[in-house]
1. A124 - would you say it is at pLDDT 95 or above and either assigned to a helix (DSSP H, G or I) or open to solvent by 10 Å² or more (accessible area, probe 1.4 Å) (or both)?
2. In contact (Cβ under 8 Å) with a residue 40 or more places away in the chain and among the polar types (S, T, N, Q): which single residue out of Q290, Q315, Q302 fits that description?
3. What's the number of the only condition in (1) at pLDDT 95 or above; (2) in a helix (DSSP H, G or I) that I139 fails to meet?
4. Filter segment 127-153 for residues that are surrounded by 23 or more Cβ atoms within 10 Å (Cβ to Cβ), free of Cβ contacts under 8 Å to residues at least 60 places away in the same chain and either in contact with a Ser or Thr (Cβ under 9 Å, 6 or more places away or on another chain) or over 16 Å from E174 (Cα atoms) (or both) and give the result.
5. Give segment 219-233 a look and list any residue that's open to solvent by less than 10 Å² (accessible area, probe 1.4 Å) and out of contact with any Lys or Arg (no Cβ under 9 Å at 6 or more places or on another chain), or say none.
6. Can you find a residue that is open to solvent by 40 Å² or more (accessible area, probe 1.4 Å) and either modelled with pLDDT of 55 or more or on the phi > 0 side of the Ramachandran plot (or both) anywhere in segment 15-26?
7. Filter segment 54-73 down to residues that are in contact (Cβ under 8 Å) with a residue 24 or more places away in the chain, assigned to a loop (DSSP other than H, G, I, E, B) and under 19 Å from Q265 (Cβ atoms), then give me how many there are.
8. Out of the residues in segment 301-314 meeting the condition of being in contact with a Ser or Thr (Cβ under 8 Å, 6 or more places away or on another chain) and β-branched (V, I, T), tell me which one is surrounded by the fewest Cβ atoms within 10 Å (Cβ to Cβ).
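The values are calculated or read from the model by the stated rules, or taken from the named source; none is laboratory data. Quantities reported herein were computed from a predicted structural model and do not represent experimental measurements. Here the Cβ positions follow ideal geometry from the backbone for every residue, glycine too, while neighbour counts run over all protein chains shown. These accessible areas exclude ligands, DNA and RNA; they are computed on the full protein's heavy atoms, side chains included. Shrake-Rupley method; radii C 1.70, N 1.55, O 1.52, S 1.80 Å.
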Amino acid sequence: MKMRLKFVTTLLGIFIGMGSITQSHAQANLTEIKVSYQPALYWALPFYVATERGWWAELGLKPTFSTFPAGVPQIAASASKSWDVGGTGSVPAVLGYVRFGIKTIGLSNDESAGNALMATPKGADAFAKNPQSLKGQTIVLTVNSTGDYAVQSCLKKFGLAKSDVVIKNMGQAEIISAMSSGNADFGGLWAPNIYTLEEKAGGKLICSGKDAGAFIPSTLIVRADYAKENPQNVAKFLAIYIRAWNWMNANKPQAIAMMKKFYEQGGVNISEASMRKEFDTRPTYDLAAQLRIMDRSKGPSQVDGWLTSIATFIQSTGAINSVPPANEYITDEFMKMVNSDKRLREFAANTK
């Protein structure tokens, strides 16, 4: 009996060992893909969700992540090939092409309502009485960002020019600190920093990009050399990202619980009501929608138009000399690859 028990135990140990070897072999066969993003942002949540649910490995990828406080340092890091693919705002996406040849391969979300001109209670009261009281005021914002674009669009709506105010460049955390301590009354912020200021310091949203009629998308990007050498990996990256949105939109309670953890990891603590507002005010795109907004069969695509408007803004700031042709840096090649591959197409559409 003891001999039989010993034999069974030994056999079980062999099977367990074989399973560990098989698992290790499977992990070793995964292809690394370097993903860049900005932490605690709505459009970056799919990267976290996909990781938690094991979807990268399902398509043979192993992500390594690098994070940045804003888009400009993120795109600058592409020069050292520290990342392959990622997500970023539309302003850094255009700058990324002009400076480093970065390609835009899709949109992550519509964040027109999530970039805004914010005010302290004192500033908001003065603005409510007379919008022209903004003239001569200092506005703290992150230059060459979607927040900057929203603020300039809002100024235009109020009949003011950039030269009518004093712009001071700050990172988002610095802006929240300056406005919370009363050292600045107006600032350009993007979500979820908007909600942090509202909840922690009584900040007031006085004009969003959407209010000003400015469409502000956020983008999915890839280094041009990586795309050329690894097109299939880029298509897999898109399929994983789109699946994450489809799953989150179909499973919001679980998605919001994951958002809470993801935001906290990035140092952001906001209420569940604000997290729900992210979902309610930030439209996202499934595969069919991505293909539709990038379609050029009848002329320039919607994405072409949106990013050309962004590029025109960037040119007005002096950050670029000319507006680049949209078809030089915006491509639907990889979205079409997802659509033409049955496995990837079905993977992207999966809500489970």
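1. Working: at pLDDT 95 or above: yes; either assigned to a helix (DSSP H, G or I) or open to solvent by 10 Å² or more (accessible area, probe 1.4 Å) (or both): yes.
Taking the combined requirement at face value, the residue satisfies it.
2. One residue alone meets the criteria, Q290.
3. (2)
4. L134, V151
5. T219, L220
6. Checked against the condition, which is being open to solvent by 40 Å² or more (accessible area, probe 1.4 Å) and either modelled with pLDDT of 55 or more or on the phi > 0 side of the Ramachandran plot (or both), segment 15-26 yields no hits at all.
7. As a first pass, look at segment 54-73 and keep what is in contact (Cβ under 8 Å) with a residue 24 or more places away in the chain: 55-72.
Still in the running and assigned to a loop (DSSP other than H, G, I, E, B): 59-60, 68-70.
With under 19 Å from Q265 (Cβ atoms) added as a condition, the list becomes 68-70.
Going through segment 54-73 one residue at a time, the tally reaches 3.
8. V303
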